[in-house]
Amino acid sequence: MAVISTPLATTLRLQVQTGTDATGQPVYRVRSYSRVKPSASDQDVYDVAQAIGSLQVHPVNAVSRVNENDLSAGT
């Protein structure tokens, strides 16, 4: 029996360094942007992340894409 994966939602996450703690270690926060089209290519999502990152006050440390899929049994 095959499993069918149906894309439901995609979220873009930017990890930004907001400063340092008392010991000098970096402090990170995550900025999430939902309602990204699941059909968008990885390159397009990355390009948008770069554009949004250039508008941030804090430097972007990491970019990630989180996909949510519905799994169902095929016939």
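FYI, it's all coordinate maths here, none of it is from the lab. This is a predicted model, so every value here is computed, not measured. Cβ placement follows ideal geometry from the backbone for every residue including glycine, while neighbour counts extend to all protein chains displayed.
Brief remarks on what is shown
- Taking Cα centre as origin and charging only the Cβ of basic (Lys, Arg, +1) and acidic (Asp, Glu, -1) residues, the dipole magnitude of the stretch 8-68 rounds to 160 debye.
- Note on residue 71 and residue 21: their simple-model spin labels are 3.4 nm apart, each label 7 Å out from Cα toward Cβ.
- Packing-based exposure ordering (other Cβ within 10 Å, fewest first) of 35, 13, 29: 35, 29, 13
- Net +/- balance of residues flanking residue 58 in space, Cβ distance below 11 Å, scoring K and R +1, D and E -1: +2
- Given charges at Cβ of Lys, Arg, Asp, Glu: the chain dipole, positive-most of 18, 7, 46: 18
- Rounded to whole numbers, the Karplus 3J(HN,Hα) couplings from phi for the stretch 11-18 are 10, 9, 10, 10, 9, 10, 8, 8 Hz, using 6.51 cos²θ - 1.76 cosθ + 1.60 with θ = phi - 60°, and x at Gly and Pro.
- Net charge contributed by nearby residues that have their C-beta within less than 14 Å of residue 16 (K/R +1, D/E -1): +3
- Fewest neighbouring Cβ atoms within 10 Å first, the residues 52, 4 line up as 4, 52.
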